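Worksheet: the structure to be examined is printed underneath.
The values are calculated or read from the model by the stated rules, or taken from the named source; none is laboratory data. This one's a predicted model, so the numbers in the text were calculated from it and none came from an experiment. For accessibility, only protein heavy atoms count, side chains too; no ligands or nucleic acids. Shrake-Rupley method; radii C 1.70, N 1.55, O 1.52, S 1.80 Å.
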Amino acid sequence: MSICERLLLKQVDPERELYLAVADTTFDGIFSEPIGELVMRELPMKLLIVDVEAVEVKRWIPSRESRTL
């Protein structure tokens, strides 16, 4: 989502919370690597970890406050 879309959404529906949905296999692969751990630690984002085959949410990960940005 672009910054413009985020700004528009904030004006139209400020209570809506956005989550990034990630397949569990992707999460296990990328976010277990040092770069993925850095992204999770430093960037404020909310994640949904989804089991695509079972069609279910496995984990909700709330946003952490960014320490460097």
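Quick notes on this structure:
- Three-way shape label, the chain, alpha-carbon gyration tensor, a/c 1.5: oblate
- Sulfur and carbon atoms: percent of accessible area, the chain [1.4 Å]: 57 percent
- Normalised per residue, the accessible area of the chain is 81 Å², obtained with a 1.4 Å probe and no contribution from ligands, DNA or RNA.
- DSSP-defined antiparallel bridges as percent of all bridges, region 1-66, nearest 5: 55 percent
- Of the residues R41, R59, R16, the one that moves most in a GNM of the chain with alpha-carbon contacts below 10 Å is R16.
- Relative contact order (percent, whole number), the chain, Cα cutoff 8 Å, 6+ residue spacing: 29 percent
- Backbone phi angles across region 27-38, fed through the Karplus curve with coefficients 6.51, -1.76 and 1.60 (θ = phi - 60°), yield HN-Hα couplings of 4, 4, x, 7, 7, 8, 7, x, 5, x, 5, 4 Hz in residue order; Gly and Pro are listed as x.
- In the chain, the DSSP-assigned H stretches of four residues or longer account for a calculated mean residue ellipticity at 222 nm of -10500 deg cm²/dmol, using -39500 (n - 2.57) per stretch and the full residue count as denominator.
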